[in-house]
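Below is one structure, written out as structure tokens; comments come after it.
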Amino acid sequence: PEDKFSLGPCAERMAELLDCDVKLAPDCIGDDVATMVADAKEGDVIMLENTRFYKEETKNEAEFVEKLAKPFDMFVNDAFGTAHRAHASTEGVTKFLSPSVSGFLLAKELEYLDGAITSGEKPMAAIVGGSKVSSKITVLEALLDKCEKIIIGG
């Protein structure tokens with residue numbers, strides 16, 4: 001793994017924002033991570049190292065997913081910008097961890113989006129962007145009945 005993709009700077013910044021120690025795990029899977037989690041006390045904050053160091057993350061490979069989920073009891077997704085991805089750390093872990101729930105920020109984003117679509121001014125146009133339109137088919141289908149125009153960008 002390349003140091004420039006390490007979450008070390010994120011752990012440092014989170015420690016500043018939370019005003020507490022944030023321990024950066026040396027990896028996102030493995031015995032060292034499991035030990036850190038098992039030894040954590042109430043109130044401890046641990047940040048896993050970048051899952052993108054593994055090609056299995058984006059491929060959502062079951063063996064990797066099981067290792068990623070193993071030390072944990074539940075999953076909370078609070079990342080609206082990545083919730084649509086079927087990656088190991090966003091979708092795969094939900095098969096191994098229960099409960100798997102949306103966090104408060106994700107719920108707030110969804111409520112805002114729903115309100116904008118159902119109560120927005122008509123006629124309405126939606127602009128949907130991103131590099132993989134195929135991953136947005138479900139969203140586009142849902143917008144067809146609600147928008148007069150849909151503009152797709154890449």
(message) Take the conditions farther than 30 Å from E2 by Cα, free of Cβ contacts under 8 Å to residues at least 60 places away in the same chain and either of a type in the set (S, T, N, Q) or not in a loop (DSSP other than H, G, I, E, B) (or both) and apply them to S131. Does it pass?
(response) no
(request) State whether one or more residues within the range 122-130 are modelled with pLDDT of 90 or more, farther than 27 Å from E61 by Cα and touching a Lys or Arg at 6+ places or on another chain (Cβ under 6 Å). (result) yes
(request) Go through (1) farther than 23 Å from N60 by Cβ; (2) open to solvent by 60 Å² or more (accessible area, probe 1.4 Å) and name the single condition I150 misses. (result) (2)
(request) Report, ordered by the first and then the second residue, all pairs with beta carbons closer than 6 Å, sequence separation of six or more or different chains, a first member in the range 86-102 that is within 15 Å of K55 (Cα to Cα), and a second member that is at pLDDT below 95 and hydroxyl-bearing (S, T, Y). (result) T90/T82
(message) Restricting to the range 125-154, name every residue that is more than 19 Å from the chain's Cα centre (by Cα) and among the charged types (D, E, K, R).
(response) E141, D145, K146, E148, K149
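The values are calculated or read from the model by the stated rules, or taken from the named source; none is laboratory data. This structure is a prediction, so every number in the text was calculated from the model and none was measured. Positions of Cβ are generated from backbone atoms using ideal geometry, with glycine treated the same way; all protein chains shown enter the neighbour counts. These area figures cover heavy atoms from the full protein model, side chains too; ligands, DNA and RNA do not enter into them. Shrake-Rupley method; radii C 1.70, N 1.55, O 1.52, S 1.80 Å.
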